[in-house]
Amino acid sequence: MTNRNLNAKHNSKHSRPESQALRVAIAQFAPVYLDKSASLARAIQIVQDANKCGAELVAFGETWLPGYPAWLDFCPKVALWDHVPTKQVFARLRQNSIAVPGPEITALSEAAGDLKISIVMGVNERIEAGPGNGTLYNSLLSITPDAKVANHHRKLVPTYTERLVWGNGDGRGLSSVASKNLRIGGLICWEHWMPLARMAMHNSGEHVHVAVWPTVHELHQLCSRHYAFEGRCFVLTVGLMMHSRDLPSELRDDDGAQKQIGEWLERGGSAIIGPDTRYIVEPIYLNSA
């Protein structure tokens, strides 16, 4: 976990206090893969630990709860029609996805309220009724210290293989939220290459932007640094951790897939970037074994 103070004094057209420090934390930990109850417990413990270190904001990665579907990129045959193992894994992902609102979100909101901390959490969201019933979304939730889900953003267009899992979102969540006199926003992965999405977020007056990715590779670092400069804001790039043993058992040994990958599928790369594109905290990766 990375903890660091940000100083919100920088050039911007948006009004805010002249100078205000904010201690932030990035949760570069793996969830308990495809287990929402155990992952929720881990998330709350991480938030509590961050709070003990003085953090006022803790950011989790893309679909951290209960895990990113990396098997789409590492396991063969997952896109085949009527592929039984893929159906089994998708069913498990759906069962462990999060309803918004729902009990897991209530628990996170209560933790945020009790600790007076902001939480930005990536989730696999499941629609249980109404329009889109049964659809899964790649969503990013911003929970404020008053125990409210202040923003609910669904990834506009899932990227490449992700379209096998998630539906298309919409622009209703392209906004930032107020937290302790600062505005906090976020986008998901490839959305950082969408000019109009960036413009909407810049216009919302962000002071701190949470950029969630699987692993924050070099190109993703470049994109995040550009975002900081263009938006005149601080950027938290949040990378995931995922070990190869977390690949679903139904797919892990399919055609020797395990032999084609390393020990770690996702290696983090979380960092903190200032409005001048310089790193406040350099990217932190776990090297492959």
Solvent-accessible area of ASP82 with every protein chain in place, 1.4 Å probe, in Å² to the nearest 10
100
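Solvent-accessible area per residue for the chain at a 1.4 Å probe radius, Å²?
Working: 12350 Å² over 289 residues.
Here the residues of the chain average 43 Å² of exposed surface.
Sort PHE234, PHE29 by heavy-atom solvent-accessible area, probe 1.4 angstrom, most to least. If you can, show how the numbers build up before the last one.
Values: PHE234 15, PHE29 85 Å².
Sorted descending by solvent-accessible area, the residues read PHE29, PHE234.
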At the level of C-alpha centres, the distance separating segment 36-74 and segment 82-161, in angstrom, is 12
Please give the solvent-accessible surface of LYS87 in Å², to the nearest 10, using a probe radius of 1.4 Å with every protein chain present.
110
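What does the convex hull of the Cα atoms come to per residue for segment 56-202, in Å³? Let's see the in-between values first.
Values: hull volume 16.4 nm³, N = 147.
Considering the Cα atoms of segment 56-202, their hull volume per residue is 112 Å³.
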With 29 Å as the limit, write out which pairs from LYS155/LYS180; LYS52/LYS180; LYS87/LYS116 have Cα-Cα distances beyond it, or answer none.
LYS87/LYS116
Could you tell me the accessible area of ARG232 in Å² (1.4 Å probe, neighbours in place), rounded to the nearest ten?
80
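Where both residues lie in the chain, what percent of DSSP beta bridges are antiparallel, nearest 5? Spell out each step's value before the answer.
On the way: 33 of 51 bridges.
Of those bridges, close to 65 percent are antiparallel.
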Positive-end residue of PRO145, PHE74, LEU108, charge dipole of the chain with Cβ unit charges
PRO145
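Share of antiparallel DSSP beta bridges in segment 54-194, in percent to the nearest 5? Before the final figure, lay out the partial values.
Details: 17 of 22 bridges.
Of those bridges, close to 75 percent are antiparallel.
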On the accessible surface of the chain, probed at 1.4 Å with all protein chains in place, carbon and sulfur together account for a percent value of 51
Scattering profile of segment 126-259 from the Debye formula, Cα beads only, expressed as log10 I(q)/I(0) at q = 0.13, 0.17 Å⁻¹, is -0.64, -0.99
Please give the FRET efficiency for TRP193 paired with ASP35, using the beta carbon to beta carbon distance and R0 = 35 Å, rounded to the nearest 0.05.
0.65
So which residue, out of TYR33, TYR137, TYR279, gets the largest mean-square fluctuation from a GNM of the chain using Cα contacts under 10 Å as springs?
TYR279
Of all beta bridges DSSP finds with both residues in segment 144-256, what is the antiparallel percent, to the nearest 5?
30
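Rounded to two decimals, what ratio of Rg to Rh does segment 169-237 give with C-alpha atoms and a Kirkwood Rh? Let's see the in-between values first.
Values: Rg = 11.2 Å, Rh = 11.9 Å.
Checking Rg against Rh, the ratio lands at 0.94.
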Leaving ligands and nucleic acids out of the surface, order HIS217, HIS209, HIS83, HIS152 by accessible area at 1.4 Å, largest first.
HIS217, HIS152, HIS83, HIS209
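Which order do TRP264, TRP213, TRP190 take when ranked by solvent-accessible area (1.4 Å probe, heavy atoms of all protein chains), largest first? Kindly include the intermediate steps, with their values, before the conclusion.
Working: TRP264 65, TRP213 0, TRP190 115 Å².
Output order, biggest surface exposure first: TRP190, TRP264, TRP213.
May I ask you to give the average projected area over all directions of the convex hull of the Cα atoms of segment 89-158, in nm² rounded to one decimal?
That works out to 4.8 nm², a quarter of the Cα hull's surface.
Considering every Cα-Cα pair within the chain, what fraction, in whole percent, is farther apart than 30 Å?
Details: 10704 of 41616 pairs.
Of the Cα pairs, 26 percent sit more than 30 Å apart.
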Size of segment 124-197 as Cα extents on the principal axes (Å, biggest first):
40, 31, 16
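The values are calculated or read from the model by the stated rules, or taken from the named source; none is laboratory data. Given the structure is predicted, the values throughout are model-derived calculations rather than measurements. Heads up, the Cβs are rebuilt from the backbone with ideal geometry, glycines too, and the neighbour counts pull from every protein chain shown. For the accessible areas, the whole protein counts, side chains as well, though only heavy atoms, and no ligand, DNA or RNA atoms are used. Shrake-Rupley method; radii C 1.70, N 1.55, O 1.52, S 1.80 Å.
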